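S.K.: Pasting a structure below so you can have a look.
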Amino acid sequence: MKFSIATAWIDPSELPAIAREADRLGYDSIAVSDHVVNIEELRTPYPYSADGERRWKSFDPWVDPMVAIGALGAVTERIRFFTNVYVLPMRDPFTTAKTVATASIFTGGRVSLGIGMGWCEDEFDLIGQQFRRRGARSDEMLELLATLWQGGWVEHHGEFYDVPRLEMTPPPPAPIPILVGGMSDAALRRAARHNGWISDLISTDDAAGYIARIDAMREETDRHGDFDMVVSLSDAVTVDQFRRAEEVGVTNVLTMPWVYYGGFDLSLAQKLEGMGRFAEEIMAPLTS
C-alpha cells in the first residue's frame with residue numbers, strides 16, 4: 001500500500017518543506033488540488049456536502065497545480081505528483097497538453113494527471129468553456145492529449161476538435177498516467193478505461209464496493225495491468241484498519257497525515273512531525 005499527501009488549502013509557503021519531508025520519509029505522491037477562482041455567490045450548489053456549502057473558506061489558497069508541481073519537483077528527487085483533481089473540460093486541450101508535459105519534463109517524468117469533470121457551472125462560464133457535454137468533450141480531450149504527447153507530427157479529427165498536422169515539442173519524458181476522480185457511474189467507467197481512480201472521502205466498506213465495480217468494468221473491456229485505487233478513508237486510523245483497506249483493493253491512501261495527531265490547524269513544524277509519526281507508526285509496519 002502506498003500513501004500520498006493531500007495539500008488542499010495549505011499555505012503555499014509550506015509546500016516545499018512538506019514535499020521535501022515526504023520525499024525523505026517514503027511517501028508515494030503529493031496531490032495538488034485545482035480551482036481557478038472562488039466565486040462568492042454561486043448558482044451551482046456544491047454537490048459534495050449535505051447542505052451544499054463548500055468545504056473551504058473564502059480566501060483559502062488554491063495554487064496553480066502545474067506551476068506548483070514544477071516548483072516542488074525541483075526540490076525533490078523521488079516523490080511523484082498528481083492533481084486531485086484537475087478540472088479538464090474547463091481548459092482547452094492544447095495549453096493543458098503543454099503545461100502537463102512541461103511539468104513532467106521538469107520532474108523527470110514524475111507526474112500523473114488526475115482529472116474530474118467539474119461541478120461549478122459558474123466557473124466554466126467565467127473561463128469561457130461549455131459546461132454542457134463536458135464528459136464527452138473530456139473523453140475526446142484525453143484522446144487528443146495522448147496524441148499530442150507522442151511527439152513528432154500528429155493530427156486529430158473528432159467531434160469537438162479538428163486538429164491539423166502539427167507537433168508539440170518537447171513531449172513528456174515518460175507516459176503520463178491518467179487518474180479519474182468521481183463517484184458516478186460515468187466517472188467509474190472513465191477511470192476503468194485509464195490508469196486509476198480517485199475517490200472522495202469514504203468508508204472502507206464503500207471503497208470495497210466502488211473498487212469491485214471498477215474491477216468488473218475493467219474485466220468487461222479486457223483491461224489489465226497496473227491500476228491505482230487512490231482512496232481517502234474516513235474510518236482508517238490503525239495499522240489493522242489500513243491493512244483491511246489494502247485487502248479490499250485500496251492501493252494508495254490519500255490523506256493529511258498530521259491530522260491524526262492534532263487536527264488541521266497546525267504549524268508547519270507540527271505538520272512535519274505528524275508526517276514522521278505517521279510514517280513510523282503506520283507506513284513502516286505495513287511495508288515491513
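The values are calculated or read from the model by the stated rules, or taken from the named source; none is laboratory data. These numbers were taken from a predicted model, which means no experiment stands behind them. Here Cβ is always computed from backbone atoms with ideal geometry, including for glycine, and neighbour counts include all displayed protein chains.
S.K.: Looking at 139, 122, 226, which is the one that is farther than 22 Å from residue 33 by Cα and more than 16 Å from the chain's Cα centre (by Cα)?
M.R.: 226
S.K.: Can you find a residue in segment 257-266 that is touching a residue at least 60 places away in the same chain (Cβ under 8 Å) and touching a helix residue (DSSP H, G or I) at 6+ places or on another chain (Cβ under 8 Å)?
M.R.: yes
S.K.: Then there's this: For residues that are of a type in the set (Ser, Thr, Tyr) and in contact with a helix residue (DSSP H, G or I) (Cβ under 8 Å, 6 or more places away or on another chain), scanning just segment 78-108, find the one that is nearest to residue 172 (Cα to Cα).
M.R.: Ranking the candidates gives 102 first.
S.K.: Oh, and also: List pairs: first in segment 32-56 and closer than 30 Å to residue 103 by Cβ, second small (Gly, Ala, Ser) and surrounded by 15 or more Cβ atoms within 10 Å (Cβ to Cβ), Cβ under 7 Å, 6+ apart or cross-chain?
M.R.: Partner pairs satisfying both residue conditions: 32/68; 33/8.
S.K.: Can you tell me which residues in segment 102-131 are surrounded by 22 or more Cβ atoms within 10 Å (Cβ to Cβ) and in a helix (DSSP H, G or I)?
M.R.: 103, 104
S.K.: In addition: Looking at segment 13-24, is at least one residue in a loop (DSSP other than H, G, I, E, B) and surrounded by fewer than 23 Cβ atoms within 10 Å (Cβ to Cβ)?
M.R.: No, segment 13-24 contains no residue that is in a loop (DSSP other than H, G, I, E, B) and surrounded by fewer than 23 Cβ atoms within 10 Å (Cβ to Cβ).
S.K.: Tell me, which residue of segment 197-223 that is of a type in the set (Asp, Glu) and in a helix (DSSP H, G or I) is nearest to residue 245 (Cα to Cα)?
M.R.: If we take residues in segment 197-223 being of a type in the set (Asp, Glu) and in a helix (DSSP H, G or I), then 205 is nearest to residue 245 (Cα to Cα).
S.K.: To continue, here is another question. Buried (at least 23 other Cβ atoms within 10 Å of the Cβ) and among the aromatic types (Phe, Trp, Tyr): is that true of residue 81 in this structure?
M.R.: Here the answer is yes, as residue 81 does meet what is asked.
S.K.: Could you name every one of the strands (runs of 3 or more DSSP E) located completely within segment 153-193 that has at least 3 residues being within 26 Å of residue 107 (Cβ to Cβ) and either touching a Gly at 6+ places or on another chain (Cβ under 7 Å) or modelled with pLDDT of 95 or more (or both)?
M.R.: 178-181
S.K.: All but one of (1) surrounded by 14 or more Cβ atoms within 10 Å (Cβ to Cβ); (2) under 15 Å from residue 198 (Cα atoms) hold for residue 266, so report the exception by its number.
M.R.: Single failed check for residue 266: (2).
S.K.: Which pairs do you get when a residue that is more than 17 Å from residue 9 (Cβ to Cβ), found in segment 63-75, comes within reach of a residue that is among the hydroxyl-bearing types (Ser, Thr, Tyr) and in a helix (DSSP H, G or I), reach meaning Cβ atoms under 8 angstrom, with the pair 6+ apart or on two chains?
M.R.: Note: pairs meeting the criteria are 66/99; 66/102; 70/102.
S.K.: Taking segment 29-71, which residues are farther than 21 Å from residue 265 by Cβ and either among the aromatic types (Phe, Trp, Tyr) or in contact with a strand residue (DSSP E or B) (Cβ under 6 Å, 6 or more places away or on another chain) (or both)?
M.R.: 29, 34, 46, 48, 65, 68, 69
S.K.: Identify, from the list 228, 222, 205, the residue that is of a type in the set (Asp, Glu) and surrounded by 15 or more Cβ atoms within 10 Å (Cβ to Cβ).
M.R.: Of 228, 222, 205, the one residue that is of a type in the set (Asp, Glu) and surrounded by 15 or more Cβ atoms within 10 Å (Cβ to Cβ) is 228.
S.K.: Right, another one. Surrounded by 15 or more Cβ atoms within 10 Å (Cβ to Cβ), more than 21 Å from residue 174 (Cα to Cα), within 16 Å of the chain's Cα centre (by Cα) and not β-branched (Val, Ile, Thr): which single residue out of 56, 62 fits that description?
M.R.: Result of the check over 56, 62: 62.
S.K.: Looking at (1) aliphatic (A, V, I, L, M); (2) surrounded by fewer than 16 Cβ atoms within 10 Å (Cβ to Cβ); (3) within 14 Å of the chain's Cα centre (by Cα), which is the only condition residue 174 fails?
M.R.: Here residue 174 meets the rest and fails (3).
S.K.: Specify the residue that is farthest from the chain's Cα centre (by Cα); the eligible residues are those in segment 81-101 that are free of Cβ contacts under 8 Å to residues at least 60 places away in the same chain and assigned to a helix (DSSP H, G or I).
M.R.: Checking each candidate, the answer is 95.
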